[in-house]
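Worksheet: one structure, shown below.
What follows is calculated from the coordinates using simple rules that are stated; it is not laboratory data. Just so it is clear, the model here is predicted, and its values are computed rather than measured. Glycine also receives a Cβ, built like all others from the backbone with ideal geometry; neighbour counts cover every protein chain displayed.
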Amino acid sequence: MKPFLRSGDFWSGVALAALGTFIVVQARGWAYMTEDGPGPGFMPLWYGGIMVALSLLLVALSVLRPARRAGVRWNDVARALVCWVAFVACVALMPLAGFVVSFALLTWFMIQVMFGERARIALPVAVGGALAFYALFELALDLTLPHGLLF
């Protein structure tokens with residue numbers, strides 16, 4: 001068996017290229033430009049195209065570079081899974097706490113717990129980031145973020 005066929009980079013690149021291709025195909029059915037500007041197909045078409053290009057680059061690099069004999073680093077896998085669980089918890093908390101509080105808690109968790117920064121850095125960044133999102137979307141753009149029982 002060729003060494004690159006055992007590579008996670010190769011198979012994830014193939015999967016992401018397939019997903020990007022699906023996104024492009026779906027986006028082509030939507031209006032790219034409208035009278036008011038970019039239509040609903042604008043962003044997915046560009047996103048899908050860039051996704052296909054970068055994932056094919058990942059596939060090419062995994063084929064061209066020499067095989068590595070590194071095993072799975074389970075600590076890294078565990079950290080990635082903890083990040084996904086934190087993100088899911090943030091989304092699940094939104095109906096109760098709202099976007100601002102949920103996003104602030106997620107940001108604090110990522111900065112202090114996952115990256116090991118001190119609370120004097122994590123708290124202001126978390127609160128400031130959440131308030132910046134609120135100011136941008138709710139106040140400046142007049143868009144509604146999810147509101148919960150708390151905020």
Notebook entry, point to check: At what distance in nm do the modelled label points of L81 and A132 sit from each other, each positioned 7 Å from its Cα along Cα→Cβ?
Noted result: 3.2 nm
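For the chain, what is the relative contact order in percent, using Cα pairs closer than 8 Å and at least 6 residues apart in sequence?
On the way: 151 pairs, mean separation 30.0, N = 151.
Once normalised by length, the contact order is 20 percent.
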Check: Quick one: Y134, Y32, fewest Cβ neighbours within 10 Å first, how do they rank?
Finding: Y32, Y134
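Based on a Kirkwood Rh over C-alpha pairs, give the Stokes-Einstein translational diffusion coefficient of the chain at 10 °C and viscosity 1.306 mPa s in µm²/s. Can you show the working numbers first?
Working: Rh = 18.9 Å.
The estimated diffusion coefficient comes to 84 µm²/s.
May I ask you to sort M51, M33 by Cβ crowding, counting other Cβ atoms within 10 Å and putting the fewest first?
Numbers: M51 19, M33 10.
Arranged by neighbour count, lowest to highest, M51, M33 become M33, M51.
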